[in-house]
1. If a residue must be over 9 Å from the mean Cα position of the chain (by Cα) and crowded, with 18+ Cβ neighbours inside 10 Å, how many such residues does the stretch A:38-47 contain?
2. Can you spot a residue in the stretch A:81-88 that is at pLDDT below 95 and more than 10 Å from chain B (Cβ to nearest Cβ)?
3. Among the candidates B:Ala50, B:Ala55, B:Ala24, B:Ala44, single out the residue that is touching a Leu at 6+ places or on another chain (Cβ under 8 Å), under 24 Å from A:Gly43 (Cβ atoms) and either of a type in the set (D, E, K, R) or at pLDDT 95 or above (or both).
4. Yes or no: the stretch B:24-37 includes at least one residue that is under 16 Å from A:Ser71 (Cβ atoms), in contact with a helix residue (DSSP H, G or I) (Cβ under 9 Å, 6 or more places away or on another chain), open to solvent by less than 40 Å² (accessible area, probe 1.4 Å) and of a type in the set (A, V, I, L, M).
5. In the stretch A:48-64, what residues are open to solvent by 50 Å² or more (accessible area, probe 1.4 Å) and not hydrophobic (A, V, I, L, M, F, W, C)?
6. Just give me the residues in the stretch B:57-74 being more than 8 Å from every other protein chain (Cβ to nearest Cβ) and either among the β-branched types (Val, Ile, Thr) or in contact with a Phe, Trp or Tyr (Cβ under 8 Å, 6 or more places away or on another chain) (or both), in sequence order.
7. Which condition from (1) at pLDDT 95 or above; (2) of a type outside the set (Gly, Ala, Ser); (3) assigned to a helix (DSSP H, G or I); (4) over 12 Å from the mean Cα position of the chain (by Cα) is the one that B:Lys5 breaks?
8. Does the stretch B:20-56 hold any residues that are among the charged types (D, E, K, R) and either more than 11 Å from chain A (Cβ to nearest Cβ) or touching a Ser or Thr at 6+ places or on another chain (Cβ under 7 Å) (or both), and which are they?
2 protein chains.
Amino acid sequence: MGEMKNMDVPVLKVSSKSNPNLVAGALTGTIREAGRAELQAIGAGAINQAIKAVAITRNILSDMDLICIPSFVDLTIDDQIRTSIKLVVEPRAK
Amino acid sequence: MGEMKNMDVPVLKVSSKSNPNLVAGALTGTIREAGRAELQAIGAGAINQAIKAVAITRNILSDMDLICIPSFVDLTIDDQIRTSIKLVVEPRAK
């Protein structure tokens, strides 16, 4: 885990059709392995599922005191600029 | 600010029609006064606006390294149980 902290943060893409429990499972595995993870979501439905996944993951990894940090990121998809929300999820103590 | 930390966390209710910039303004004022705040949102549209407001507030209070902590809260509204998302927003270092 220590070595992976210097690598890029793994990115999990979330859509409005994503199952929050399955996203939480992936998030849990990623955080256990890499120490942190990043969710990427475009649109209200996707952001909703992403936040639910973080709440579920907080309960699974309850010893970690996970926090999330939202920010805006402009992505170019099919030559169009879309504003996505990036959620970094990691333990409170860095 | 020190005295207010022992009081209840101020709760700001967010709806799908809330303007994220205005919520961010209220959030900024509340965090400056009380040290932290809580957003309450029901449904994808409301959660979307709430997360945008947190991202905007992080930029406004960039010296604070704000983090957010999502959790599920069951509310009784008109005799019906609705699951809301609670977002605690506070500086990373408690």
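1. Of the stretch A:38-47, the ones over 9 Å from the mean Cα position of the chain (by Cα) are A:42-47.
Applying the additional criterion that residues be crowded, with 18+ Cβ neighbours inside 10 Å yields A:42, A:44-47.
Total meeting the criteria: 5.
2. yes
3. Numbers: B:Ala55 fails: touching a Leu at 6+ places or on another chain (Cβ under 8 Å); B:Ala24 fails: touching a Leu at 6+ places or on another chain (Cβ under 8 Å); B:Ala44 fails: touching a Leu at 6+ places or on another chain (Cβ under 8 Å).
That would be B:Ala50, the only listed residue that is touching a Leu at 6+ places or on another chain (Cβ under 8 Å), under 24 Å from A:Gly43 (Cβ atoms) and either of a type in the set (D, E, K, R) or at pLDDT 95 or above (or both).
4. Taking every residue of the stretch B:24-37 in turn, at least one turns out to be under 16 Å from A:Ser71 (Cβ atoms), in contact with a helix residue (DSSP H, G or I) (Cβ under 9 Å, 6 or more places away or on another chain), open to solvent by less than 40 Å² (accessible area, probe 1.4 Å) and of a type in the set (A, V, I, L, M).
5. Scanning the stretch A:48-64 gives A:Lys52, A:Arg58, A:Asn59, A:Ser62, A:Asp63.
6. Selection gives B:Thr57, B:Ile60, B:Val73.
7. Among (1) at pLDDT 95 or above; (2) of a type outside the set (Gly, Ala, Ser); (3) assigned to a helix (DSSP H, G or I); (4) over 12 Å from the mean Cα position of the chain (by Cα), the lone unmet condition for B:Lys5 is (1).
8. Just the residues of the stretch B:20-56 that are among the charged types (D, E, K, R), to begin with: B:32-33, B:36, B:38, B:52.
Selection gives B:Arg32, B:Glu33, B:Arg36, B:Glu38.
The values are calculated or read from the model by the stated rules, or taken from the named source; none is laboratory data. All values derive from a computational prediction rather than experimental measurement. Heads up, the Cβs are rebuilt from the backbone with ideal geometry, glycines too, and the neighbour counts pull from every protein chain shown. Heavy atoms of the whole protein, side chains included, go into the accessibility calculation; ligands, DNA and RNA do not. Shrake-Rupley method; radii C 1.70, N 1.55, O 1.52, S 1.80 Å.
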